Every structure is written in C-alpha cells, then in structure tokens.
1. I'm checking my understanding of the structure. Among residues of region 102-142 that are among the acidic types (D, E) and without any contact (Cβ under 8 Å) to a residue 24 or more places away in the chain, which one is farthest from Y258 (Cα to Cα)?
2. For D127, state whether it is among the acidic types (D, E), surrounded by 14 or more Cβ atoms within 10 Å (Cβ to Cβ) and over 18 Å from F40 (Cα atoms).
3. Restricting attention to region 1-11, report how many residues are in contact with a strand residue (DSSP E or B) (Cβ under 7 Å, 6 or more places away or on another chain) and modelled with pLDDT of 65 or more.
4. With respect to S168, is the statement that it is closer than 27 Å to M102 by Cβ, free of Cβ contacts under 8 Å to residues at least 60 places away in the same chain and under 20 Å from the mean Cα position of the chain (by Cα) true?
5. Give I72, I54 a once-over and let me know the one that is β-branched (V, I, T), surrounded by fewer than 17 Cβ atoms within 10 Å (Cβ to Cβ) and in contact (Cβ under 8 Å) with a residue 60 or more places away in the chain.
6. Report yes if K92 is among the charged types (D, E, K, R) and outside any helix (DSSP H, G or I), otherwise no.
7. Mind telling me which of the residues L188, L214 ends up being in a helix (DSSP H, G or I) and among the aliphatic types (A, V, I, L, M)?
8. Scan region 221-238 for residues that are more than 15 Å from the chain's Cα centre (by Cα) and polar (S, T, N, Q) and jot them down.
Amino acid sequence: MEHLLGQDWEIVSAGGATGEAFFAIKDGQKLFLKRNSSPFLAVLSAEGIVPKLIWTRRMENGDVITAQQCLIGREFNAEEMAGDLAPMLLKKIHESRPLLNMMIRMEKTPYAPTSMLQDIESTLDRDFLALHVVKDALNFLKSEIAHIHCDEWAVCHGDVNHNNWLLSEEGEVYLIDWDSAAIADPALDLGPLLHWYIPKSDWVTWLNHYGTALTPDLELRMKWYTIAHTLQSIQWHKQKNHMPEMKYWLKDLENFYYE
C-alpha cells in the first residue's frame, strides 16, 4: 500500500473479517482503502449509497485498490435500525435500476432459493445434521421452497447488520461492505434485518417506511431467507474456527425456529 500512495502516508488496518480494508492518513487527510472491493463501487458511489469514491488503481500483482472519502461519523447502533433511515435507504437500493443494470452487465444471475438451498446442503458440515434444530430448519427450507416466489428481483446487500450502516455528521446515511451483494429477492435483506432488530409488533410500521405491506407471502419469504442465512452463518463461522460466533448463530437459529 505504501508504494501505491507514497511513504508519507500512514497505513493502518481498518479491521473487519477479511483484513482487506485500511485507512490511509496524511496531514489531516484520511482515506478508506480496500483491496478488491465490489467492482460496482462506482455505481454505489454515484447513487449516494456509499461514501464518495475518490480513485481506483490496479497494482502490479493484479489487485485493485479503491480509495473512498473517509467521513466523520459513526456506525448505527442496534436501536437506530428501528427508525426510518434504514428502511428508506434499503428501499432506494432495492429499487435502483443503475445497480441492477450494473450487476446484469457483470453477468450476475439471480440468487434464487434453489441455488441458496443447494449451497447450504453442499457446504453444511455433517456434524450439524445431527442437531435437531438444523434438521428441522433444513426440512422447513425444503418443504416451503415451492412457495418462495419473487416477482421482481433487486440488488440485495446480503449482510445488513448495524455495523455496516454509517451515519455522517451531516446526517447522511450509507450502507457499506458490498462483498455479499447479489441479485435476489428483497426478502433476503428484509428478513434478517427485521429478525435481528425489530420487534414483530413493529414490523408493519417499519415496512411502511420501506414502502410495502406485511403480507403472509412476504412474511413466509422473510422467514425462509432468515433461516437460510442463519445456516450459512453457522457454517461460515465453523470454517473460520470462530467457535463462540458459531454457537451464537446456532442459538439464534433455535430461538428463531422454535419461537
């Protein structure tokens, strides 16, 4: 990174699970750098969904480094997910034609429920299949998949936890970390977000801010994608040897599935 910017820049890790994000600091300036970030970052920047893209550079080894404006602000806290800012931005994302067109130009195809279930079944460790809650969750996904239909695909973020939502000092809201983005049913984002942060008694109000009604069909789709996402999270943390996180997601699956 230093030879890309010059030795007078201080490069420090920005943390995160991938270790691919950094801050570059020089004379009061601060940039957010990321290695091999989503190739449609320019469209996200133009749409005002992520902080402004400053430049993109390719390194000799083929890696692509992007530099974004580093804003003064903070992450959302969990309670703020229940306000109107998150649903309004998420609706903008799901309705964005430029984002969808860019994904299509990248030859991305919809991440259909059949593909998601196939991914889960092909990667889930056999040890998990001995657990009743995992077997019950898989049986639910299989039995309901014929009822999971999407009339209008959208670009979905895929990881809408509150740490990926930023609020600037000027009150601007951004959703960052697009590595899991896909063309999918909007319920892929809506289900986990509502499950994690919004009491069920408030779902109707939250979805009104988003711009849709809570129908039985949407509720079923959100449940299906939340269970599928949770199974994927359990397996991901197992592969990374994150045992406390894996146990957390197993408990979350149990609480959700048997509620």
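1. The first filter runs over region 102-142 and keeps only residues among the acidic types (D, E), leaving 107, 119, 121, 125, 127, 136.
From what is left, the residues that are without any contact (Cβ under 8 Å) to a residue 24 or more places away in the chain are 107, 121, 127.
Working: E107: 39, E121: 21, D127: 21 Å.
Ranking the candidates gives E107 first.
2. So D127 fails the test.
3. Matching residues across region 1-11 total 5.
4. Working: closer than 27 Å to M102 by Cβ: yes; free of Cβ contacts under 8 Å to residues at least 60 places away in the same chain: no; under 20 Å from the mean Cα position of the chain (by Cα): yes.
No; evaluated as a whole, the condition is false for this residue.
5. Numbers: I54 fails: in contact (Cβ under 8 Å) with a residue 60 or more places away in the chain.
The conditions single out I72.
6. The answer is no for K92.
7. L188
8. Selection gives Q235 alone.
The values are calculated or read from the model by the stated rules, or taken from the named source; none is laboratory data. Since this is a predicted model, take the numbers as computed values, not measurements. In this analysis, Cβ positions are derived from the backbone assuming ideal geometry, glycine residues included, and neighbour counts consider all displayed protein chains.
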